Number of protein chains: 2
Amino acid sequence: MNAYTTDDAIACLRKAGVPVTQQRIEIARVLFSAPVHMSADQIWATVKATAPDVSRATVYNTLRLFTEKHLVRELFVDPQRIVYDSTTTPHFHLYNMDTGEVRDLAADEIEVIGAPRLPAGVELEEVDVIVRVRNRSA
Amino acid sequence: MNAYTTDDAIACLRKAGVPVTQQRIEIARVLFSAPVHMSADQIWATVKATAPDVSRATVYNTLRLFTEKHLVRELFVDPQRIVYDSTTTPHFHLYNMDTGEVRDLAADEIEVIGAPRLPAGVELEEVDVIVRVRNRSA
DNA sequence: GTACTTGCAAATTGTTTGCAGACAC
DNA sequence: GTGTCTGCAAACAATTTGCAAGTAC
């Protein structure tokens, strides 16, 4: 899912069934050049560095679209902001409550065992694990 | 931590080091009469049923205070609203994305194994597990 | 009596929406 | 050409804050 070049970004969008536009390419390049965890406003700021006239609304709308198409995953680590994770394979997170930083956990660091008894008529969507940490000694 | 009566609520607040007021008693009774998962506005609506002139701001401020004193736990299941959990012992959650309902998971349903390698200078605060489900067949 | 709380309404913040013009195909 | 996308600014909803009046002890 890495897309360093514009062509990679275009391929990635096409594969996901997302109509290609200039703005979406810019946003895809920010997200998929490397695994990142960014808030919508951070993404907007980064995109503006290379494409100054992308509007905030477009970034928000595009992120919603990308989420629906499973190109990114929304993380609710903090009620103040949604963090977008460009890695969509199942994995867990470490969240520093003081710095706001989000880090992926390696698969061997933590493991979830067992499956909950689901009520009838519902199906599992995903399992979210967030390990919250603080800087030592406040 | 159950507090069905006013006296129980007062004792609970005193024990937590929270100065007792009429409004806090009402809010405590809503939260601690039984294990609940409620949003701030749901709590406000419930409190108003028996104490009509408690303001929304007081409910929000009190919930923040209760959180600091570890009388309740904040759950970030959905970016739109904070859900308050009146059970503060460690446990995990099942969240129905369609209905918004939150349910506690029993300790034998799911288990987390292993501990992440923490960066130097940080300490573990808590581990949050949220199992997200959807109603079958959209 | 004093300090802390409350209620109200206004402010704040992250996110969404409506609409006219612009772009992809 | 046609339908979708974008930008702008206004709308929104959940939460917070400032300040004068009320309450617990």
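Quick look at the values:
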{"quantity": "Residue that is nearest to the other protein chains (Cβ to nearest Cβ), among those in segment B:88-99 that are among the polar types (S, T, N, Q) and free of Cβ contacts under 8 Å to residues at least 60 places away in the same chain", "calculated": "B:N96"}
{"quantity": "Single residue of segment B:15-34 satisfying the filter (farther than 14 Å from B:K69 by Cα and within 13 Å of DNA strand D (Cβ to nearest atom)) that is farthest from the other protein chains (Cβ to nearest Cβ)", "calculated": "B:Q22"}
{"quantity": "Residue within segment A:114-126 that is within 8 Å of chain B (Cβ to nearest Cβ), surrounded by fewer than 16 Cβ atoms within 10 Å (Cβ to Cβ), under 15 Å from the mean Cα position of the chain (by Cα) and not β-branched (V, I, T) present", "calculated": "yes"}
{"quantity": "Set B:K69, B:K48: member being away from chain A (no Cβ under 14 Å) and closer than 29 Å to A:D128 by Cα", "calculated": "B:K69"}
{"quantity": "Residue under evaluation B:A106, criteria (1) loosely packed, with under 15 Cβ neighbours inside 10 Å; (2) away from chain A (no Cβ under 14 Å), criterion not met", "calculated": "(2)"}
{"quantity": "Residues (in contact (Cβ under 8 Å) with a residue 40 or more places away in the chain, of a type in the set (A, V, I, L, M) and more than 10 Å from DNA strand D (Cβ to nearest atom)) located in segment B:35-64", "calculated": "B:V36, B:M38"}
{"quantity": "So A:R136, is it of a type in the set (K, R) and closer than 30 Å to B:N135 by Cβ", "calculated": "no"}
{"quantity": "One residue from B:I27, B:I10 being touching a helix residue (DSSP H, G or I) at 6+ places or on another chain (Cβ under 6 Å), within 15 Å of DNA strand C (Cβ to nearest atom) and farther than 30 Å from A:V129 by Cβ", "calculated": "B:I27"}
{"quantity": "Selection status of B:V77, under 15 Å from A:I130 (Cβ atoms), in contact (Cβ under 8 Å) with a residue 12 or more places away in the chain and either exposed (fewer than 12 other Cβ atoms within 10 Å of the Cβ) or at the interface with chain A (Cβ under 8 Å from one of its Cβ atoms) (or both)", "calculated": "yes"}
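Values in this text are rule-based calculations from the coordinates and carry no lab data. Bear in mind the structure is a predicted one, so any value in this text is a computation, not a measurement. So basically every Cβ, Gly included, is an ideal-geometry build from the backbone, and we count neighbours across all protein chains shown.
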